[in-house]
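Below is one structure; the comments refer to it alone.
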Amino acid sequence: MTTTDRPTDGGVEIAPTVEDTARDIASMEIRGAAAIADAAAAALAAQADASSADSAAAFRAELRAAASQLYETRPTAVSLPNALRYVLRGMEGGDVATLRRSTIRRAEAFRRDLEAAQDTLGRVGANRLRDGDVVMTHCHSTDALACVAAAVEDGKHVEAIVKETRPRQQGHITARDLREMGVPVTLIVDNAARRYLDDADHVLVGADSIAADGSVINKIGTSGLAVNARERGVPVMVAAQSIKCHPDTMTGHTVEIEMRDEREVLDVAAHREITGVEPGEDAELVVENPAFDVTPPRHVDAIVTEHGQYPPESIVMLMRELFGETTSDPWQT
Ligand code: RUB
């Protein structure tokens with residue numbers, strides 16, 4: 001694609017990598033909060049690298065437009081705006097060359113820190129797992145799997161009960177990753193979770209966002225699992241690096257829960273079979289597909305981060321340290 005063919009956003013040139021990344025995040029080719037943050041930072045670096053801006057102001061406008069496009073893809077995982085904010089705040093310099101260098105360096109630092117944070121939290125989380133323990137997982141979380149990987153590296157035998165996770169079956173990815181680590185896996189449908197909780201020593205999940213009151217926003221079904229786990233006396237451990245902390249919740253904002261396409265739940269053929277008509281033609285059949293839910297802090301035992309383990313009610317202390325009072329979105333200025 002030549003420079004003149006490139007898509008533009010309000011007259012600003014957007015690099016093809018940014019367009020591709022935004023599309024892949026929206027379609028869930030790239031999914032999971034950490035992977036989304038990593039891809040977004042990489043896309044901003046690609047934008048900086050590809051920029052043909054002829055002034056510092058034009059360069060900054062391009063980066064803001066690219067960040068804005070990435071931001072619009074999925075609303076719930078706060079790792080995405082946290083990544084964009086981090087990279088944009090590191091843009092420094094009065095000329096294009098310096099701005100380009102600083103932006104790319106900052107994106108690279110973000111990606112390195114992301115990986116290091118996951119390793120560190122994995123080691124913290126592994127301390128909670130004893131030799132012979134069984135974890136029950138929901139969805140696919142690289143932060144949660146890092147805890148299992150570190151425990152296995154420590155020589156502990158860990159087994160897993162893996163919830164399938166409808167409608168997109170991210171449990172299959174979890175099962176694959178765990179088997180690659182040599183962890184024995186029992187795959188169950190979501191509805192079997194309560195029955196199998198008696199065989200589990202921990203519920204181990206990730207997070208898309210953590211609110212200041214310690215609420216955990218994660219894949220739909222997490223809250224029901226946590227309530228059942230509490231009733232069964234199984235501790236719930238959330239593995240979440242600090243970029244999952246949602247700064248806006250410190251000032252009373254709530255986290256938007258993404259509603260996804262109904263065809264993820266009911267495809268066109270199944271819809272026809274039920275109603276006899278095409279999707280959208282029977283107003284009385286409504287399919288809702290929320291992608292995430294909110295687990296209140298009272299159902300969570302520990303949030304494991306790269307800064308250590310927190311009871312959910314104390315996570316706000318970490319958030320104050322990390323974010324101070326600033327929660328502005330630099331791509332909106
Ligand atoms: C993924 C999901 C994961 C978190 C944490 O949802 O809910 O538990 O994103 O993942 P989706 P990670 O599949 O809809 O993106 O620990 O890898 O950041």
Q | Charge context of LEU197, other residues only, Cβ under 15 angstrom, K/R +1, D/E -1 | A | -3
Q: Take the alpha-carbon centre of the range 210-282, take the same for the range 96-131, and report the distance between them in whole Å.
A: 26 Å
Q: Calculate how steeply helix 79-89 sits against the longest principal axis of the alpha-carbon atoms of the chain, using the helix alpha-carbon long axis, and give the answer as 0 to 90 degrees to the nearest 10.
A: 30 degrees
Q | the range 16-119, accessible area per residue, ligands and nucleic acids excluded (1.4 Å, Å²) | A | 39 Å²
Q. How much FRET efficiency would the formula 1/(1 + (r/R0)^6) give for ALA116 and GLU29, where r is the Cβ-Cβ distance and R0 is 25 Å, rounded to 0.05?
A. 0.50
Q: Treat each spin label as a single point 7 Å out from the Cα along the C-beta direction, and report the ARG263 to HIS307 distance in nm.
A: 4.3 nm
Q) Relative to the first principal axis of the alpha-carbon coordinates of the chain, what is the inclination of helix 171-180, with its axis defined by its Cα atoms, in degrees from 0 to 90 and to the nearest 10? A) 80 degrees
Q.
If each DSSP helix of 4+ residues adds -39,500 (n - 2.57) and the sum is divided by the residues in the chain, what number results at 222 nm, nearest 500 deg cm²/dmol?
A. -13500 deg cm²/dmol
Q. What accessible area per residue, rounded to a whole number of Å², is obtained for the range 135-208 using a probe radius of 1.4 Å?
A. 41 Å²
Q) Quick one: putting +1 on the C-beta of Lys and Arg, -1 on the C-beta of Asp and Glu, what dipole do you get for the chain around its Cα centre, in Debye to the nearest 20? A) 800 debye
Q. Ordered by packing density, taken as the mean number of other Cβ atoms within 10 Å over each peptide's residues, highest first, how do 88-99, 251-262 rank?
A. 88-99, 251-262
Q. Tell me, what is the FRET efficiency for LEU187 and THR98 to the nearest 0.05, using R0 = 30 angstrom and their Cβ-Cβ distance as r?
A. 0.05
Q. ARG230 to GLU278: extension gain in nm, 0.36 nm per residue of separation minus the Cα-Cα distance?
A. 13.1 nm
Q. Looking at the chain, what % of its DSSP beta bridges pair antiparallel, to the nearest 5?
A. 40 percent
**Q.** Rounded percent of accessible protein surface that carbon and sulfur make up, the chain, 1.4 Å probe
**A.** 46 percent
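The values are calculated or read from the model by the stated rules, or taken from the named source; none is laboratory data. Here the structure is a predicted model, which is why all the values come from computation and not from measurement. Heads up, the Cβs are rebuilt from the backbone with ideal geometry, glycines too, and the neighbour counts pull from every protein chain shown. Only protein heavy atoms, including side chains, enter the accessible area calculation; ligands, DNA and RNA are left aside. Shrake-Rupley method; radii C 1.70, N 1.55, O 1.52, S 1.80 Å.
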